[in-house]
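Have a look at the structure below, then the notes.
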Amino acid sequence: RCGPAPAPAPSSAVVVNASMQLAANGSYQVNAPGTAALTLTLPASPPVGSTVSVTGVSPTQWALAQNAGDTVSTLGLPGDMAPGAQWTPRLNPRVWHWLSSSVDGEVMLAGEAAGGTQDTSLDAGQTWTAGNSPSSIWINSAMSARGERLVALQYGGGIYLSTDKGVTWTRATDPLVNNPSGMAFQGTAISQDGQRIAATVQPAPGTSVPNGEIVLSQDGGTTWHAAALPAGAHWWRGIAMSSTGQVIVAVASSGEVYRSNDGGGTWTALSVTVSTTSYVESWYRVAMSADGSTLVIMANAYGGSSGSGVFVSHDGGATWTRPYVLTADYTEASVSADGRTIAVSVSNTGATPGRILLSTDGGASFQPVAMPGTDTDWRAVTVSADGDQLAAATGRFDNNTVGQLYTSLGHRSTVGTSGAITGAAGDTVVLIYQGSGRWAVQSAGGPAFAVR
(Lines give C-alpha, C1' and ligand atoms only; values in the text may rest on other atoms or scores of the structure.)
Protein backbone atom coordinates (compact mmCIF):
# COMPACT_ATOMS: atom_id res chain seq x y z
CA ARG A 1 0.00 0.00 0.00
CA CYS A 2 1.42 3.38 -0.96
CA GLY A 3 0.97 6.64 0.90
CA PRO A 4 1.88 10.14 -0.13
CA ALA A 5 5.33 10.74 -1.60
CA PRO A 6 7.91 11.18 1.15
CA ALA A 7 9.12 14.67 1.82
CA PRO A 8 12.80 15.27 1.07
CA ALA A 9 15.08 15.08 4.06
CA PRO A 10 16.14 18.44 5.46
CA SER A 11 19.55 19.60 4.31
CA SER A 12 20.69 19.40 7.92
CA ALA A 13 19.86 15.70 8.18
CA VAL A 14 22.58 13.41 9.50
CA VAL A 15 23.52 10.78 6.91
CA VAL A 16 23.30 7.32 8.48
CA ASN A 17 25.27 4.36 7.14
CA ALA A 18 25.52 2.22 10.30
CA SER A 19 23.37 1.28 13.28
CA MET A 20 23.27 4.02 15.89
CA GLN A 21 21.43 5.66 18.79
CA LEU A 22 19.30 8.62 17.70
CA ALA A 23 19.14 11.97 19.49
CA ALA A 24 16.07 13.96 20.47
CA ASN A 25 15.04 16.48 17.77
CA GLY A 26 17.44 14.85 15.34
CA SER A 27 16.85 14.42 11.61
CA TYR A 28 18.40 11.44 9.83
CA GLN A 29 18.79 10.20 6.26
CA VAL A 30 19.55 6.50 5.77
CA ASN A 31 21.96 6.24 2.85
CA ALA A 32 24.14 3.19 3.35
CA PRO A 33 26.30 1.50 0.68
CA GLY A 34 25.45 -2.05 1.71
CA THR A 35 22.18 -3.97 2.02
CA ALA A 36 22.56 -5.08 5.64
CA ALA A 37 19.65 -3.87 7.80
CA LEU A 38 20.36 -1.03 10.20
CA THR A 39 19.02 -0.54 13.71
CA LEU A 40 18.30 3.02 14.75
CA THR A 41 17.45 3.13 18.44
CA LEU A 42 15.05 5.82 19.61
CA PRO A 43 16.38 8.43 22.05
CA ALA A 44 16.44 7.37 25.67
CA SER A 45 14.51 9.66 28.10
CA PRO A 46 13.78 12.43 25.56
CA PRO A 47 11.88 15.60 26.56
CA VAL A 48 8.13 15.51 25.98
CA GLY A 49 7.35 17.09 22.61
CA SER A 50 10.72 16.27 21.05
CA THR A 51 10.79 14.64 17.62
CA VAL A 52 12.85 12.22 15.55
CA SER A 53 12.80 12.31 11.74
CA VAL A 54 14.09 9.45 9.54
CA THR A 55 14.04 9.15 5.74
CA GLY A 56 15.17 6.13 3.74
CA VAL A 57 17.19 6.93 0.60
CA SER A 58 19.20 3.79 -0.16
CA PRO A 59 17.62 0.31 -0.48
CA THR A 60 18.82 -0.43 3.03
CA GLN A 61 16.13 -1.62 5.44
CA TRP A 62 16.11 0.23 8.75
CA ALA A 63 14.32 -0.40 12.01
CA LEU A 64 13.41 2.19 14.61
CA ALA A 65 14.15 0.15 17.72
CA GLN A 66 12.62 0.95 21.10
CA ASN A 67 14.00 1.26 24.59
CA ALA A 68 12.49 -0.56 27.56
CA GLY A 69 8.95 0.71 28.13
CA ASP A 70 8.68 2.40 24.72
CA THR A 71 5.83 1.94 22.26
CA VAL A 72 4.93 3.71 19.01
CA SER A 73 1.33 4.61 18.19
CA THR A 74 1.13 3.79 14.48
CA LEU A 75 -2.04 5.69 13.60
CA GLY A 76 -1.19 7.62 10.42
CA LEU A 77 1.66 5.29 9.50
CA PRO A 78 1.47 3.54 6.10
CA GLY A 79 0.93 -0.11 6.98
CA ASP A 80 -0.95 0.58 10.22
CA MET A 81 -3.58 -2.07 10.98
CA ALA A 82 -6.47 -2.14 13.41
CA PRO A 83 -6.47 -4.61 16.32
CA GLY A 84 -7.98 -7.88 15.13
CA ALA A 85 -7.00 -7.39 11.47
CA GLN A 86 -4.02 -9.74 11.64
CA TRP A 87 -3.47 -12.69 14.00
CA THR A 88 -0.38 -14.70 14.94
CA PRO A 89 -0.63 -18.30 16.24
CA ARG A 90 1.11 -18.95 19.56
CA LEU A 91 2.11 -22.17 21.34
CA ASN A 92 0.80 -25.59 20.31
CA PRO A 93 -2.91 -26.44 20.27
CA ARG A 94 -4.21 -27.12 23.79
CA VAL A 95 -7.55 -27.37 25.58
CA TRP A 96 -7.57 -23.64 26.38
CA HIS A 97 -10.09 -22.29 28.86
CA TRP A 98 -9.14 -18.78 29.95
CA LEU A 99 -6.97 -15.80 28.97
CA SER A 100 -6.05 -12.66 30.89
CA SER A 101 -3.59 -9.83 30.28
CA SER A 102 -1.91 -6.83 31.88
CA VAL A 103 -2.97 -3.28 31.06
CA ASP A 104 -0.50 -3.04 28.16
CA GLY A 105 -1.04 -6.62 26.96
CA GLU A 106 2.60 -7.56 27.43
CA VAL A 107 1.96 -10.02 30.27
CA MET A 108 -0.51 -12.75 29.37
CA LEU A 109 -1.86 -15.81 31.15
CA ALA A 110 -3.27 -18.79 29.27
CA GLY A 111 -4.90 -21.57 31.29
CA GLU A 112 -5.51 -25.13 30.15
CA ALA A 113 -8.56 -27.08 31.26
CA ALA A 114 -7.49 -30.69 30.71
CA GLY A 115 -4.73 -31.40 33.18
CA GLY A 116 -2.51 -28.72 31.68
CA THR A 117 -0.49 -25.82 32.99
CA GLN A 118 -0.89 -22.09 33.53
CA ASP A 119 1.35 -20.53 30.86
CA THR A 120 2.72 -16.99 31.17
CA SER A 121 4.13 -14.68 28.50
CA LEU A 122 6.04 -11.49 29.28
CA ASP A 123 6.36 -10.32 25.66
CA ALA A 124 2.80 -10.20 24.33
CA GLY A 125 2.70 -13.88 23.43
CA GLN A 126 6.01 -14.32 21.65
CA THR A 127 7.49 -16.65 24.28
CA TRP A 128 5.85 -18.56 27.13
CA THR A 129 6.74 -20.41 30.32
CA ALA A 130 4.70 -22.56 32.69
CA GLY A 131 6.92 -21.77 35.68
CA ASN A 132 6.17 -24.24 38.45
CA SER A 133 2.40 -24.25 37.87
CA PRO A 134 1.07 -27.78 38.51
CA SER A 135 -1.06 -29.71 36.04
CA SER A 136 -4.72 -29.03 36.71
CA ILE A 137 -8.01 -27.72 35.38
CA TRP A 138 -7.12 -24.02 35.22
CA ILE A 139 -10.50 -22.36 34.90
CA ASN A 140 -9.86 -18.64 35.44
CA SER A 141 -7.16 -16.05 36.09
CA ALA A 142 -6.52 -12.33 36.56
CA MET A 143 -3.57 -10.02 37.13
CA SER A 144 -2.57 -6.62 38.48
CA ALA A 145 -1.95 -3.66 36.18
CA ARG A 146 1.60 -4.59 35.15
CA GLY A 147 1.29 -8.29 35.76
CA GLU A 148 3.51 -8.40 38.84
CA ARG A 149 0.75 -10.14 40.82
CA LEU A 150 -1.22 -13.00 39.31
CA VAL A 151 -4.10 -15.10 40.58
CA ALA A 152 -5.29 -18.34 38.96
CA LEU A 153 -8.05 -20.77 39.93
CA GLN A 154 -8.21 -24.53 39.72
CA TYR A 155 -11.65 -26.07 39.31
CA GLY A 156 -11.83 -28.65 42.08
CA GLY A 157 -8.58 -27.36 43.54
CA GLY A 158 -7.21 -24.18 45.05
CA ILE A 159 -6.31 -20.56 44.45
CA TYR A 160 -2.75 -20.03 43.22
CA LEU A 161 -0.82 -16.77 43.49
CA SER A 162 2.34 -15.43 41.85
CA THR A 163 4.27 -12.28 42.75
CA ASP A 164 6.97 -12.70 40.08
CA LYS A 165 4.97 -12.70 36.85
CA GLY A 166 4.36 -16.43 36.80
CA VAL A 167 7.85 -17.74 37.51
CA THR A 168 6.68 -19.31 40.77
CA TRP A 169 3.18 -20.12 42.00
CA THR A 170 2.05 -20.81 45.57
CA ARG A 171 -1.30 -22.02 46.78
CA ALA A 172 -3.31 -19.72 49.06
CA THR A 173 -3.27 -21.26 52.53
CA ASP A 174 -6.19 -19.55 54.28
CA PRO A 175 -8.54 -22.40 55.34
CA LEU A 176 -11.50 -20.62 53.75
CA VAL A 177 -10.05 -21.18 50.27
CA ASN A 178 -7.76 -24.15 50.87
CA ASN A 179 -9.97 -27.18 51.38
CA PRO A 180 -7.79 -30.33 50.96
CA SER A 181 -10.60 -31.91 48.92
CA GLY A 182 -10.61 -28.98 46.51
CA MET A 183 -13.24 -26.33 45.80
CA ALA A 184 -15.44 -25.54 42.82
CA PHE A 185 -13.85 -22.21 41.94
CA GLN A 186 -15.24 -20.43 38.87
CA GLY A 187 -14.18 -16.81 38.40
CA THR A 188 -11.67 -14.34 39.79
CA ALA A 189 -10.79 -10.64 39.59
CA ILE A 190 -8.01 -8.47 40.99
CA SER A 191 -7.41 -4.74 41.54
CA GLN A 192 -4.68 -2.93 39.64
CA ASP A 193 -2.42 -2.86 42.69
CA GLY A 194 -2.92 -6.60 43.20
CA GLN A 195 -4.12 -6.29 46.79
CA ARG A 196 -7.86 -6.80 46.40
CA ILE A 197 -8.91 -10.18 44.99
CA ALA A 198 -12.34 -11.70 44.56
CA ALA A 199 -13.29 -15.25 43.54
CA THR A 200 -16.54 -17.13 43.04
CA VAL A 201 -17.24 -20.62 44.34
CA GLN A 202 -20.06 -22.85 43.13
CA PRO A 203 -22.31 -24.69 45.59
CA ALA A 204 -21.08 -28.06 46.81
CA PRO A 205 -23.78 -29.75 48.92
CA GLY A 206 -22.44 -31.68 51.87
CA THR A 207 -19.36 -29.47 52.15
CA SER A 208 -18.53 -26.19 53.85
CA VAL A 209 -19.86 -24.36 50.75
CA PRO A 210 -23.37 -25.77 50.26
CA ASN A 211 -24.82 -22.59 48.70
CA GLY A 212 -21.88 -21.05 46.88
CA GLU A 213 -19.70 -18.15 48.00
CA ILE A 214 -17.91 -15.04 46.91
CA VAL A 215 -14.57 -14.94 48.72
CA LEU A 216 -12.54 -11.76 49.13
CA SER A 217 -8.98 -10.80 50.04
CA GLN A 218 -7.64 -7.33 50.80
CA ASP A 219 -4.00 -8.28 51.27
CA GLY A 220 -3.00 -9.92 48.01
CA GLY A 221 -4.37 -13.35 48.88
CA THR A 222 -2.84 -13.89 52.31
CA THR A 223 -6.15 -13.81 54.22
CA TRP A 224 -9.71 -14.29 52.95
CA HIS A 225 -13.28 -13.75 54.10
CA ALA A 226 -16.68 -14.61 52.63
CA ALA A 227 -18.95 -11.87 51.34
CA ALA A 228 -22.27 -11.40 53.13
CA LEU A 229 -24.92 -12.24 50.53
CA PRO A 230 -28.65 -13.02 50.62
CA ALA A 231 -29.57 -16.52 51.76
CA GLY A 232 -30.09 -19.26 49.21
CA ALA A 233 -28.05 -21.21 46.70
CA HIS A 234 -26.17 -19.06 44.22
CA TRP A 235 -24.42 -20.83 41.33
CA TRP A 236 -21.75 -18.18 41.00
CA ARG A 237 -19.83 -18.03 37.72
CA GLY A 238 -18.14 -14.82 36.54
CA ILE A 239 -16.87 -11.87 38.54
CA ALA A 240 -15.30 -8.54 37.56
CA MET A 241 -13.66 -5.71 39.48
CA SER A 242 -12.86 -2.05 38.84
CA SER A 243 -9.25 -0.86 38.82
CA THR A 244 -9.40 0.14 42.51
CA GLY A 245 -11.29 -2.95 43.60
CA GLN A 246 -14.16 -0.91 45.01
CA VAL A 247 -16.71 -1.93 42.35
CA ILE A 248 -17.37 -5.66 42.01
CA VAL A 249 -20.04 -7.37 39.91
CA ALA A 250 -20.75 -11.10 40.10
CA VAL A 251 -23.11 -13.19 37.96
CA ALA A 252 -24.66 -16.61 38.58
CA SER A 253 -26.04 -19.29 36.30
CA SER A 254 -29.00 -19.36 38.68
CA GLY A 255 -29.91 -15.93 37.26
CA GLU A 256 -28.54 -13.44 39.81
CA VAL A 257 -26.47 -10.35 39.06
CA TYR A 258 -25.04 -8.56 42.11
CA ARG A 259 -23.01 -5.37 42.43
CA SER A 260 -20.94 -3.99 45.29
CA ASN A 261 -19.65 -0.41 45.43
CA ASP A 262 -17.61 -0.82 48.60
CA GLY A 263 -15.17 -3.61 47.81
CA GLY A 264 -17.59 -6.41 48.65
CA GLY A 265 -18.91 -5.09 51.95
CA THR A 266 -22.50 -4.71 50.77
CA TRP A 267 -24.27 -5.97 47.67
CA THR A 268 -27.26 -4.92 45.55
CA ALA A 269 -29.14 -7.09 43.09
CA LEU A 270 -29.24 -5.73 39.51
CA SER A 271 -32.15 -6.22 37.14
CA VAL A 272 -31.18 -6.84 33.52
CA THR A 273 -33.98 -5.06 31.69
CA VAL A 274 -33.91 -3.98 28.05
CA SER A 275 -36.79 -1.66 27.16
CA THR A 276 -39.57 -3.38 29.12
CA THR A 277 -38.25 -6.94 28.93
CA SER A 278 -36.52 -8.39 31.96
CA TYR A 279 -33.92 -11.10 31.30
CA VAL A 280 -33.03 -13.82 33.78
CA GLU A 281 -30.56 -16.15 32.10
CA SER A 282 -27.87 -18.67 32.98
CA TRP A 283 -25.31 -15.87 33.39
CA TYR A 284 -21.81 -17.09 32.79
CA ARG A 285 -19.31 -14.22 32.48
CA VAL A 286 -19.06 -10.51 33.26
CA ALA A 287 -16.47 -7.88 32.33
CA MET A 288 -16.19 -4.19 33.19
CA SER A 289 -14.32 -1.00 32.39
CA ALA A 290 -11.70 0.41 34.77
CA ASP A 291 -14.20 2.67 36.55
CA GLY A 292 -16.94 0.04 36.78
CA SER A 293 -19.43 1.98 34.66
CA THR A 294 -19.38 -0.22 31.53
CA LEU A 295 -20.54 -3.80 32.14
CA VAL A 296 -20.86 -6.72 29.73
CA ILE A 297 -22.63 -9.95 30.67
CA MET A 298 -23.57 -13.10 28.75
CA ALA A 299 -25.03 -16.53 29.45
CA ASN A 300 -24.01 -20.10 28.65
CA ALA A 301 -25.78 -23.45 28.36
CA TYR A 302 -23.60 -24.98 31.08
CA GLY A 303 -25.83 -23.26 33.58
CA GLY A 304 -29.09 -24.27 31.92
CA SER A 305 -29.76 -22.80 28.48
CA SER A 306 -27.79 -20.82 25.92
CA GLY A 307 -27.65 -17.07 26.21
CA SER A 308 -29.91 -14.86 24.12
CA GLY A 309 -27.20 -12.30 23.34
CA VAL A 310 -24.63 -9.86 24.69
CA PHE A 311 -25.90 -7.37 27.29
CA VAL A 312 -24.16 -4.02 27.82
CA SER A 313 -24.62 -1.29 30.44
CA HIS A 314 -22.86 2.08 30.60
CA ASP A 315 -24.24 3.18 33.96
CA GLY A 316 -23.06 0.40 36.21
CA GLY A 317 -26.05 -1.86 35.59
CA ALA A 318 -28.91 0.61 36.05
CA THR A 319 -29.95 0.30 32.38
CA TRP A 320 -29.05 -2.22 29.68
CA THR A 321 -28.96 -2.77 25.92
CA ARG A 322 -28.74 -6.02 23.95
CA PRO A 323 -26.73 -5.04 20.85
CA TYR A 324 -25.97 -8.62 19.74
CA VAL A 325 -28.87 -11.08 19.78
CA LEU A 326 -27.49 -14.43 18.63
CA THR A 327 -28.64 -17.32 20.83
CA ALA A 328 -25.38 -19.10 21.66
CA ASP A 329 -22.98 -20.25 24.35
CA TYR A 330 -20.91 -17.21 25.30
CA THR A 331 -17.61 -18.07 26.96
CA GLU A 332 -15.65 -14.91 27.84
CA ALA A 333 -15.81 -11.11 27.59
CA SER A 334 -13.09 -8.50 27.98
CA VAL A 335 -13.34 -4.69 28.06
CA SER A 336 -10.73 -1.95 27.57
CA ALA A 337 -10.17 0.52 30.39
CA ASP A 338 -12.36 3.19 28.81
CA GLY A 339 -15.13 0.75 27.83
CA ARG A 340 -14.79 1.53 24.11
CA THR A 341 -13.35 -1.81 22.98
CA ILE A 342 -15.22 -4.99 23.91
CA ALA A 343 -14.32 -8.51 22.79
CA VAL A 344 -16.52 -11.57 23.30
CA SER A 345 -15.82 -15.24 22.57
CA VAL A 346 -18.54 -17.69 21.55
CA SER A 347 -18.22 -21.48 21.43
CA ASN A 348 -19.93 -23.82 18.98
CA THR A 349 -23.64 -24.08 19.84
CA GLY A 350 -25.42 -26.97 18.15
CA ALA A 351 -25.13 -26.33 14.42
CA THR A 352 -24.10 -22.69 14.98
CA PRO A 353 -20.32 -22.20 14.81
CA GLY A 354 -18.59 -20.11 17.42
CA ARG A 355 -16.91 -16.79 16.74
CA ILE A 356 -14.99 -13.85 18.13
CA LEU A 357 -17.03 -10.63 18.36
CA LEU A 358 -15.49 -7.18 18.55
CA SER A 359 -16.98 -3.78 19.31
CA THR A 360 -15.02 -0.54 19.01
CA ASP A 361 -17.94 1.75 19.83
CA GLY A 362 -18.56 0.82 23.44
CA GLY A 363 -20.92 -2.03 22.61
CA ALA A 364 -23.31 -0.10 20.37
CA SER A 365 -22.56 -2.75 17.75
CA PHE A 366 -20.58 -5.98 17.46
CA GLN A 367 -19.01 -7.52 14.38
CA PRO A 368 -17.64 -11.06 13.93
CA VAL A 369 -13.87 -11.01 13.46
CA ALA A 370 -12.29 -12.86 10.54
CA MET A 371 -10.08 -15.38 12.31
CA PRO A 372 -7.35 -17.60 10.82
CA GLY A 373 -7.44 -21.37 10.72
CA THR A 374 -10.47 -23.64 10.80
CA ASP A 375 -11.19 -23.66 14.56
CA THR A 376 -14.55 -22.20 15.54
CA ASP A 377 -14.95 -23.37 19.14
CA TRP A 378 -13.74 -20.13 20.72
CA ARG A 379 -13.24 -20.42 24.44
CA ALA A 380 -11.41 -17.31 25.59
CA VAL A 381 -10.53 -13.73 24.65
CA THR A 382 -8.73 -10.83 26.33
CA VAL A 383 -8.18 -7.14 25.52
CA SER A 384 -5.43 -4.84 26.83
CA ALA A 385 -6.48 -1.66 28.65
CA ASP A 386 -5.85 0.50 25.57
CA GLY A 387 -7.78 -1.91 23.34
CA ASP A 388 -4.82 -2.42 20.99
CA GLN A 389 -3.64 -5.89 22.05
CA LEU A 390 -5.95 -8.90 21.70
CA ALA A 391 -5.60 -12.61 22.36
CA ALA A 392 -8.10 -15.38 21.63
CA ALA A 393 -8.07 -19.15 22.01
CA THR A 394 -10.14 -22.17 21.04
CA GLY A 395 -10.63 -25.46 22.84
CA ARG A 396 -13.35 -27.36 24.66
CA PHE A 397 -13.02 -28.86 28.11
CA ASP A 398 -16.03 -31.22 28.06
CA ASN A 399 -14.62 -33.36 25.24
CA ASN A 400 -10.94 -32.37 25.49
CA THR A 401 -10.89 -30.74 22.05
CA VAL A 402 -7.64 -28.86 21.52
CA GLY A 403 -7.47 -25.50 19.78
CA GLN A 404 -5.07 -22.74 18.79
CA LEU A 405 -4.18 -19.58 20.70
CA TYR A 406 -3.70 -16.34 18.70
CA THR A 407 -2.58 -12.78 19.42
CA SER A 408 -3.27 -9.59 17.48
CA LEU A 409 -1.71 -6.13 17.79
CA GLY A 410 -3.00 -2.99 16.12
CA HIS A 411 -2.45 0.78 16.05
CA ARG A 412 0.82 0.47 17.99
CA SER A 413 4.03 -1.48 18.31
CA THR A 414 4.77 -4.03 21.00
CA VAL A 415 5.88 -2.40 24.25
CA GLY A 416 9.59 -2.52 25.03
CA THR A 417 12.71 -3.62 23.23
CA SER A 418 10.92 -6.30 21.21
CA GLY A 419 8.81 -3.66 19.45
CA ALA A 420 9.88 -1.66 16.40
CA ILE A 421 8.74 -0.12 13.13
CA THR A 422 10.72 -0.93 9.98
CA GLY A 423 11.09 1.13 6.81
CA ALA A 424 13.21 1.19 3.66
CA ALA A 425 13.87 3.33 0.60
CA GLY A 426 11.16 5.94 0.05
CA ASP A 427 9.83 5.70 3.60
CA THR A 428 9.87 8.75 5.83
CA VAL A 429 8.52 9.23 9.33
CA VAL A 430 8.53 11.88 12.01
CA LEU A 431 7.80 10.65 15.53
CA ILE A 432 6.92 12.90 18.45
CA TYR A 433 7.43 11.89 22.07
CA GLN A 434 4.31 12.12 24.24
CA GLY A 435 5.81 10.99 27.54
CA SER A 436 5.64 7.76 29.56
CA GLY A 437 7.45 5.86 26.81
CA ARG A 438 4.83 6.60 24.17
CA TRP A 439 5.78 7.88 20.71
CA ALA A 440 3.24 8.94 18.05
CA VAL A 441 3.43 9.49 14.30
CA GLN A 442 3.51 13.21 13.53
CA SER A 443 3.83 12.64 9.77
CA ALA A 444 4.79 9.76 7.49
CA GLY A 445 4.83 8.72 3.86
CA GLY A 446 6.05 6.12 1.42
CA PRO A 447 5.43 2.38 1.08
CA ALA A 448 4.00 0.45 4.01
CA PHE A 449 6.11 0.12 7.14
CA ALA A 450 6.32 -3.17 9.04
CA VAL A 451 5.24 -3.05 12.67
CA ARG A 452 6.09 -5.52 15.41
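The values are calculated or read from the model by the stated rules, or taken from the named source; none is laboratory data. Predicted model, so just to flag it, every value in this text is computed and none were measured. As a convention, Cβ positions derive from the backbone with ideal geometry for all residues, glycine included, and neighbour counts pool all protein chains shown. Just the protein is used for accessible areas: all its heavy atoms, side chains included, with ligands, DNA and RNA removed. Shrake-Rupley method; radii C 1.70, N 1.55, O 1.52, S 1.80 Å.
Observations
- Annotation: peptides 192-199, 330-337, ranked by per-residue average of other Cβ atoms within 10 Å with the highest first, follow the order 330-337, 192-199.
- The value given for the chain is a Kirkwood hydrodynamic radius of 22.9 Å, derived from the mean inverse Cα-Cα separation.
- Percent of Cα-Cα distances greater than 15 Å, calculated over segment 259-326: 54
- Apportionment of accessible area to carbon and sulfur, the chain, percent (1.4 Å): 52
- Positive-end residue, segment 275-421 charge dipole about Cα centroid, Cβ charges, pick of VAL369, SER418, THR352: THR352
- Applying Stokes-Einstein at 10 °C and 1.306 mPa s to the Kirkwood radius of segment 5-137, computed over alpha-carbon pairs, gives a translational diffusion coefficient of 87 µm² s⁻¹.
- Its Kirkwood hydrodynamic radius, worked out from the mean inverse distance over all distinct Cα pairs, puts segment 210-365 at 15.7 Å.
- A simple count of charges around PRO83, restricted to other residues whose Cβ falls under 10 Å of its Cβ and scoring Lys, Arg +1 and Asp, Glu -1, yields -1.
- With all protein chains modelled, accessible area of ARG94 [1.4 Å, Å²]: 50
- Using the empirical formula 2.2 N^0.38 Å as the baseline, the Cα radius of gyration of segment 293-333 reaches a ratio of 1.15.
- Using every pair of distinct Cα positions in segment 58-129, the Kirkwood expression returns a hydrodynamic radius of 14.9 angstrom.
- Using a probe of 1.4 angstrom and keeping all protein chains present, the accessible surface of the chain works out to 37 square angstrom per residue.
- D (Stokes-Einstein, µm²/s), Kirkwood Cα radius, segment 202-290, 1.306 mPa s at 10 °C: 115
- With Cα atoms defining each centre, segment 70-123 and segment 145-210 are spaced 23 Å apart in the structure.
- HIS234 accessible area, 1.4 Å probe, all protein chains in place, Å² to nearest 10: 10
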